[in-house]
Each structure stands twice: as structure tokens, then as C-alpha cells.
Amino acid sequence: MKQITAVSALACALAIPATAQADCGEVSIAEMNWASASVVTAVEKFLLEQGYGCTVKTVPSDTVPAVTSIAENGEPDTVSEMWVNSTGEVYSKLKEQGKIEELGKILNPGGVEGWWIPSYLAEEHPELTTIEGILANPELVGGTFNNCPDGWGCRIVNDNLIPALGLEEAGIEIFNHGSGETLATSMASAYENEEPWFGYYWAPTALLGKYDMVSVDLGEYDAEAHEANQTPNNPDPKPSAFPAAPVLTVVTTDFAEREPEVADFLSKISFDVDAMNGVVAWMDENGASPEEGAVYFLTSHPDVWSGWLNDAAREKLAALLNQ
């Protein structure tokens with residue numbers, strides 16, 4: 001409770017902008033509408049305002065609208081959690097035209113996707129940590145695969161992997177969830193009751209921060225097969241593991257030229273996926289806001305974010321670093 005109170009108090013500071021310096025103007029950041037991205041935006045806003053003296057404006061957005069806005073209006077200046085695999089042709093054209101720059105991985109090693117089982121199941125039956133072990137023992141995972149809802153990109157990939165790996169032939173029933181909420185609830189309910197569970201999930205998410213899940217080894221990653229598996233009704237689906245999805249900090253080229261010091265700072269920002277899982281899980285458990293989640297990260301990982309700063313910003317934030 002003391003920690004929550006302290007975080008809430010310090011979070012108020014995130015709403016108080018520092019006096020802007022002459023060498024840093026206004027910075028607009030797209031705030032994507034999911035938990036990890038909102039934390040990233042709040043962390044960047046605080047460090048830019050309190051460390052670099054910038055005036056930061058956050059712009060509520062999502063992947064496609066953010067890319068479209070950059071193409072049509074040249075703003076926002078930066079998108080801090082761009083899942084490149086979901087951006088489409090507009091993003092590719094912006095790159096080709098030299099209108100945007102990719103500064104670096106905001107998530108390390110990237111967005112994580114995969115098929116999972118609970119750790120207690122893996123400990124009791126180590127053979128289930130491979131897809132071959134699950135296919136040979138479908139009853140040990142409850143005989144069910146929990147699939148993505150219709151309309152999700154992962155649903156297309158899974159629907160191709162299912163026949164490629166022979167799940168139904170092995171006696172595994174495919175349960176296609178109607179929403180992300182029911183998919184999450186199925187995992188949470190199974191874990192709380194220490195029951196079998198087998199299905200798709202991704203990170204960073206509160207669920208994988210809260211529950212200890214083990215990724216099932218689907219074999220080698222095959223780039224050609226994975227790309228083909230992203231096509232609905234692939235006539236020749238083949239097995240492939242999920243690669244780490246590139247999740248980047250992207251800025252407009254105009255902004256990088258206008259604010260090179262800020263762009264350099266943004267290029268250094270990277271959150272370990274496991275650490276972000278922990279932050280969003282903490283937020284979920286405590287009903288915390290993105291600003292409180294940002295402060296939780298800042299107070300828990302000063303050794304990480306201090307390395308992102310230049311000397312001047314580090315000096316201004318010395319009190320927080322040395323608390």
C-alpha cells in the first residue's frame with residue numbers, strides 16, 4: 001500500500017511540465033491505445049520534460065491512424081511503439097520516400113508471440129514443452145487449443161499452423177475464442193485452478209506478467225513459411241515458430257533533423273519485454289493509470305533508464321536516480 005501511495009504521489013509530477021529550454025521545442029508523441037504503449041509514452045514524456053526541457057504533447061492514436069497521420073500531416077513527431085508487421089503499405093511508402101526514420105527497438109527482443117502452457121504443467125510433464133510432446137499427449141493439455149478471435153492477425157497464422165502441425169489429427173479440439181477477453185479469461189481461470197491450458201498469447205501483456213507460462217517449442221523459424229502462413233487459407237501451410245515481431249521507435253525525418261539530441265535520446269530507449277510484462281501486470285493488479293505505471297518503472301529500474309540520458313538530463317534527474 002505504501003508503494004502504491006508513493007507511486008501515486010510521484011505520478012502527479014508527470015503532469016507538471018518543466019520549463020522548456022531554448023534548445024528543445026515541442027514534441028508530439030503518438031500514444032497508442034494499449035497498456036505497454038501508454039507506459040512508454042508516459043515515461044518518455046516525463047524524461048523529455050524533466051530531463052530535456054521539452055514541451056510534450058501526447059496524441060491518442062493507434063497503429064494505422066498514426067501512420068496515416070504522418071503520411072498526410074507529417075505528424076506526430078514520434079510513434080514510440082510501432083508494431084511494424086501491422087503497418088501496411090503506407091508505412092513502407094513512407095520509408096521508401098525517406099519521410100520517417102526507425103531509431104531502434106523499443107521492446108527487446110520485440111513483440112513476443114507463441115503457443116503456451118502453464119509452468120506447473122511443464123514441470124510435471126516436461127515433454128509438453130515441445131509441440132511433438134503435446135501431439136503425443138493431447139489429454140495432458142486438456143485436449144484443446146485456445147485460438148485467437150476471428151479478425152486477429154494471429155488467427156490467420158494459427159489457422160495455417162493447425163493443419164501444418166496436425167493438431168486436429170492428434171485429437172486436439174480447436175476452440176476459437178470470440179474475443180480477447182475470453183481468451184485471457186480462459187488462461188487466467190485455468191492457471192488459478194492449476195488446470196491444463198494450451199493456446200496462443202503474446203507479450204508484453206499483464207497476463208504473461210502475472211502468470212508463469214512456458215512457450216512451447218514449435219521447431220525452427222522458417223521465414224518463408226511464416227510469411228505464407230500470414231495469408232488466409234494458405235494452400236500449402238508449413239510449420240514455423242513465431243519470430244520476435246519488430247516493435248520500433250519511429251520518428252519523422254523532419255523531427256530527427258530539427259531535434260537531433262532528442263532523437264538520439266529516443267534511439268536509446270528500450271524496454272525488456274519481461275520487465276514491461278511486470279509493469280503492466282502491476283498496473284492491472286492495482287488499477288493503476290499509465291502515469292502511475294510509468295513512475296513504477298522509473299522507480300524500479302533507474303539503472304536502465306539512466307543509461308538513456310545525456311549528462312545534462314542525468315544531472316537534472318539526479319534526485320530521482322539517487323532516491
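Couplings 3J(HN,Hα) of the stretch 271-279, computed from phi: 9, 5, 4, 5, 5, 5, 3, x, 5 Hz, in residue order, whole Hz [Karplus 6.51 cos²θ - 1.76 cosθ + 1.60, θ = phi - 60°; x for Gly and Pro].
Between A66, A188, I162, the Cα set farthest toward the positive side of the dipole of the chain (charges on each charged residue's Cβ, about the Cα centre) is that of A66.
Modelled label positions at K57 and D311, each set 7 Å beyond Cα in the direction of Cβ, lie 3.4 nm from each other. Per-residue Karplus couplings for the stretch 186-200, computed as 6.51 cos²θ - 1.76 cosθ + 1.60 with θ equal to phi - 60°, are listed in order as 5, 5, 4, 5, 5, 5, 4, 9, 6, 9, x, 7, 8, x, 8 Hz, Gly and Pro entered as x. Close amide-amide hydrogen proximity is noted between G104 and T249, each under 5 Å apart and 5 or more residues distant or on a separate chain (H modeled in the peptide plane; Pro and chain starts excluded). Panel order for M276, M187, by other beta carbons found within 10 Å of each beta carbon, from fewest to most: M187, M276.
Where does the chain land at 222 nm, in deg cm²/dmol rounded to the nearest 500, when only DSSP H runs of n ≥ 4 count, each adding -39500 (n - 2.57), divided by all residues?
Details: 17 runs with 154 residues, N = 323.
One gets -13500 deg cm²/dmol as the mean residue ellipticity at 222 nm.
Modelled this way, with points 7 Å down the Cα-to-C-beta line, the labels at T231 and D264 are 4.6 nm from one another.
Its residues counted as N, the stretch 112-228 yields a C-alpha radius of gyration over 2.2 N^0.38 Å of 0.98.
Residues whose amide H lies under 5 Å from that of F271, counting only those 5 or more places away or on a different chain, are L107, N108; hydrogens are built 1.01 Å from N in the peptide plane. Rounded to the nearest 20 debye, the dipole magnitude of the chain is 900 debye, with +1 charges on Lys and Arg beta carbons, -1 on Asp and Glu beta carbons, and the Cα centre as origin.
Against the compact-protein benchmark of 2.2 N^0.38 Å, the Cα-based radius of gyration of the chain scales to 1.08.
Here the Karplus curve 6.51 cos²θ - 1.76 cosθ + 1.60, taken at θ = phi - 60°, turns the phi angles of the stretch 307-316 into couplings of x, 7, 8, 7, 4, 5, 5, 4, 5, 5 Hz, with x standing for Gly and Pro. Note: relative contact order over the stretch 112-228, using C-alpha pairs below 8 Å and six or more positions apart, is 45 percent. Label sites at T185 and E139, each approximated as a point 7 angstrom past Cα along Cα to Cβ, lie 3.0 nm apart. Over all alpha-carbon pairs in the stretch 18-109, figure out the percentage whose distance exceeds 14 Å. Value for the stretch 18-109 (Cα pairs over 14 Å): 65 percent.
FYI, it's all coordinate maths here, none of it is from the lab. Because the structure is a prediction, the values reported are computed rather than measured. Positions of Cβ are generated from backbone atoms using ideal geometry, with glycine treated the same way; all protein chains shown enter the neighbour counts.
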